[in-house]
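Taken together, the values in this text are just the output of simple stated rules run on the coordinates, not laboratory data. As the structure is a prediction and not an experimental result, all values here were calculated from the model. Here Cβ is always computed from backbone atoms with ideal geometry, including for glycine, and neighbour counts include all displayed protein chains.
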Amino acid sequence: MWAYTLGVRFWEWLIRRAAAWHAGAAGRSNMLLDPWPENAENKDLIWFHCASLGEYEQILPVIQCWESKNPRHQILISFYSASGYRIAKPTEKTRWVVGFPGDIKPALRAFLLHFKPKLAVFTKAEIWPLCLHLLNLQGIPSMLVAFSPGRSKILARRPARFVLNQMQKLAYISCQDEDTRNFLTELGLKNAVADGDPRVERTLALQSETLDWPEHLCWRNVQPLVVLGSVWAADLDLWEPIVEEQTHVNWIIAPHQWTEDLKKRIQEKFPQAQHWSSEKNTSISNVVVLDVVGVLSRLYRFANAAYVGGGFGRGVHSVLEPAAAGIPVAFGPKHANSREALAFLHLNVGTALKKKETALNWLQNVQKKTVQDQTKTALNKWFEGHSAGSQKIAERMEMVLNKKK
């Protein structure tokens, strides 16, 4: 444990040192300078912790479910990264947002003494051994929800034994699927259960949120719309010649990261393309470049099909959002990291693409009405069977709190 403590302290010191030139480090450092709110009404406080924005989106259905059942509880949401902290700034007096002080004993003691949570809920892979140790010493129950071990499954390695020892103190480890629960059980953790992924409900909810199309966007016609979402350069290697050839299709290209290199490449390849963020654009084109954040998840429902990037690199990004829209979805060959991609392949509503020929065949096939209808029916059924995760987690939270009383 001493090596871990030393490593965490050194890492936090590096972040403070890098704040002058690294945006992420600066965001974390500045976040921790904000004052903590005072719980003047002395309400029972439930603490939810997320690493960043992605985990927040994942746990939000659980928070909303809990708030609907327990409106008098104070909700505290903490973040390690400033990206989620900035987005989740509260507008209600019953929901606070703060920065997580780090897994450092003095800072954690001050944090727990100030807020006095009745229950701590950690998200996905946010396992902080010292924090779990202190919570246990103070008699504060804790849970880990929507757990996923990630690609490496580092918990199976010998140096992680001290982490597993602390995870034994969790009241529940709510896993996204049975495979993850079995993985933890084999490691000796008897508190693991499979409740599903609350992100499924959040993704469905996004489909009903409003989306205002910029007035300057002028489609060439009402032909099929295909979204290339979260794409990298390797994904564009596959799709650029197809977009150039298939002029009867309307395309939206949404880079995963809007880097200067990618921006230059798209501008050179599609100089006629319209840009979502442009304030004024009089051109008419079948190609639109999505160069803003926070729109893509609500955009899929207007499309006839979607391709999700990342499958030519470390692994495909989330395919849940286009699937929630009920449309056919495709991705690259490296998709083993996504249990949803594997499930959609099995249901014949997802397709793995590697070459231009297979991509063209997929594009032609998904424009058929029979394929569209069959895909929508199959996906609706899949989501109906996977959208009760937040309710199950909230029920376990109730059990933990009632056991404490």
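At-a-glance table
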quantity: Signed unit charges on C-beta, dipole axis of the stretch 212-384, positive-most listed residue F331, T377, W213; calculated: T377
quantity: Relative contact order for the chain, counting Cα pairs under 8 Å that sit 6 or more residues apart, in percent; calculated: 13
quantity: Those lysines that a straight Cα-Cα span of less than 28 Å connects to K89, excepting residues fewer than 8 apart in one chain; calculated: K43, K69, K105, K116, K118, K124, K392
quantity: Segments 94-102, 10-18, 192-200 sorted - mean Cβ within 10 Å per residue, highest first; calculated: 192-200, 94-102, 10-18
quantity: Correct option for semi-axes √(5λ) of the Cα gyration tensor in Å [calculated from the coordinates] among (i) 40, 24, 21; (ii) 37, 30, 19; (iii) 33, 28, 20; calculated: (i)
quantity: Simple spin-label estimate for N348 and E209 in nanometres, 7 Å along Cα-Cβ; calculated: 3.4
quantity: Size-normalised alpha-carbon gyration radius of the stretch 105-227, reference 2.2 N^0.38 Å; calculated: 1.50
quantity: Assigned charges on the beta-carbon of Lys, Arg, Asp, Glu; the chain dipole about Cα centre (debye); calculated: 1320
quantity: For the stretch 150-296, alpha-carbon Rg relative to the globular expectation (2.2 N^0.38 Å, N residues); calculated: 1.52
quantity: Length released on extending from N337 to T259, taking residue separation times 0.36 nm less the Cα-Cα span; calculated: 25.6 nm
quantity: Estimated translational D of the stretch 362-405 in µm²/s (Stokes, Kirkwood radius over Cα pairs; 4 °C; 1.567 mPa s); calculated: 97
quantity: Estimated D of the stretch 212-384 in µm² per second, where Rh is the Kirkwood radius over Cα pairs and Stokes-Einstein applies at 37 °C, 0.692 mPa s; calculated: 203
quantity: P(r) tail fraction, the stretch 334-387 - alpha-carbon pairs more than 14 Å apart, %; calculated: 60
quantity: Listed residue (H248, L204, S277) projecting farthest to the positive dipole end of the stretch 181-307, Cβ model; calculated: L204
quantity: Semi-axes of the equivalent ellipsoid for the stretch 1-139, Cα gyration tensor, largest first, Å; calculated: 24, 18, 14
quantity: Helical contribution to [θ] at 222 nm, DSSP H n ≥ 4, -39,500 (n - 2.57), averaged over the chain, rounded to 500; calculated: -13000 deg cm²/dmol
quantity: Pairwise label distance in nanometres, K105 with S68, each label 7 Å out on the Cα-Cβ vector; calculated: 4.3
